[in-house]
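Working notes for the structure below.
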Amino acid sequence: MPEPGEEHRHIDRADQLARVARLTARDAHRGEDRQAMFFEGPGDIGKSSLLLEIYERHGDQGVYFVDLSRVATERDVLEALAMQARSQRVDVPSYRTTRDRFAEQSASTQVSLSNVRARNSAIQLLTQSEDRGLQTDALSDALLDNLMSDSRRPVICLDSFEACAQPMRQWLGRKLLPNLLTRPEASVFVAGRELPSLSRPYSRAVHTMVLPPFDVGAVHDWIETLGLASLQDKAVTIQQAHGGVPGLLAAFFACHIEPEPAGAGGDQDGEA
């Protein structure tokens with residue numbers, strides 16, 4: 001889970017954040033049909049920083065953040081959501097109940113099949129695979145039911161989609177995201193160098209944005225925020241030199257040493 005208030009981040013995404021605010025405050029009675037925003041762009045363009053800003057701005061609501069580059073399986077995603085739900089004092093009993101119920105069923109099924117010699121290994125593997133898929137679907141349904149209960153309007157942030165292996169991509173695009181998009185209470189934000197491909201009607205609920213580089217004005221604002229007086233007149237040069245890429249700009253500013261004002265810390269004239 002992300003740590004709030006990371007000082008190294010600089011956010012200058014006014015348009016994107018304004019759209020996020022409208023989406024999370026949408027009124028179904030006014031015909032708002034967007035439930036999700038997907039942010040796309042190359043490395044260092046600021047996708048993760050934008051998602052973290054969304055996460056922090058919705059701290060007073062039910063907000064969840066999963067870095068997909070740090071999870072290996074579908075169960076890991078569900079466990080991450082459940083863990084964060086519990087930390088926000090959201091009870092998720094149906095998640096645990098469903099998990100235990102399937103564990104009991106799995107154990108009893110293995111016992112009953114152990115004496116059936118006609119069952120070959122290929123059919124066993126297929127059955128186990130189907131059981132795992134059904135179990136994961138049931139766990140997902142149960143968990144999301146709890147996240148949406150009691151008039152909650154949770155905000156779900158999924159970062160680094162491009163880091164997912166193909167099975168995880170398919171599950172996200174065909175299972176979890178469609179499941180979320182059928183629940184009008186949820187707002188969903190996904191970021192990555194690559195993004196999920198959703199079939200209709202789910203794709204109509206998503207607005208995809210390609211994050212642009214920072215312009216000169218944003219670079220100038222960043223310089224002012226950092227208090228780098230010696231760079232005040234160099235925003236154009238700095239923006240062009242780094243292509244406006246936030247990650248490259250951050251690295252440049254981190255290495256910049258601000259010269260001391262004239263006379264500060266120097267030797268004072270006087271008699272020896």
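The numbers here are math on the coordinates, done by the rules we state, and not lab data. Everything numeric here is computed off the predicted structure, so don't read it as measured data. Cβ: placed from backbone, ideal geometry, glycine included. Neighbour counts: every protein chain shown.
In sequence order, region 135-142 has phi-based couplings of 5, 4, 4, 5, 4, 4, 4, 4 Hz under the Karplus curve 6.51 cos²θ - 1.76 cosθ + 1.60, θ = phi - 60°, and Gly or Pro positions carry x. Available extension along the chain between Met83 and Thr225 is 47.6 nm, counting 0.36 nm per residue and deducting the alpha carbon span. Scoring 71-82, 36-47 by mean Cβ neighbours within 10 Å over their residues and listing the highest first yields 36-47, 71-82.
Assign one of three labels to region 127-182, namely rounded, prolate or oblate, based on the Cα gyration tensor with a ≥ b ≥ c the square roots of its eigenvalues; rounded applies when a/c is under 1.5, prolate when it is not and a/b is larger than b/c, and oblate otherwise. Cα axes put region 127-182 in the oblate bin.
Amide H contacts of Val63: Val155, each under 5 Å away and 5 or more positions distant or on a separate chain (H built 1.01 Å from N in the peptide plane; Pro and chain starts excluded).
Phi angles across region 235-246 convert, under the Karplus curve 6.51 cos²θ - 1.76 cosθ + 1.60 with θ = phi - 60°, into 3J(HN,Hα) values of 4, 4, 4, 5, 4, 5, 5, 10, x, x, 6, x Hz, Gly and Pro given as x. Rounded to the nearest 0.05, the FRET efficiency derived from the C-beta distance between Glu185 and Ser69 at R0 = 35 Å is 0.80. Be a star and scan region 168-205 for residues whose amide nitrogen sits under 14 Å from the point 7 Å along the Cα-to-Cβ vector of Arg34. Inside the label zone: 187-190, 204-205. Looking at region 137-207, which GluC sites (Glu not before Pro) are DSSP coil and have at most 13 other C-beta atoms within 10 Å of their C-beta? Qualifying residues, ordered by number: Glu194. Phi-derived couplings, Karplus 6.51 cos²θ - 1.76 cosθ + 1.60 at θ = phi - 60°, listed residue by residue for region 173-182: x, 9, 10, 5, 5, x, 4, 5, 6, 8 Hz, with x used for Gly and Pro. Residues whose amide H lies under 5 Å from that of Val188, counting only those 5 or more places away or on a different chain, are Ala36, Met37, Ile156; hydrogens are built 1.01 Å from N in the peptide plane. Distant-in-sequence amide contacts of His242, defined by a placed amide H-H separation under 5 Å and a gap of 5 or more residues or a different chain, comprise nothing.
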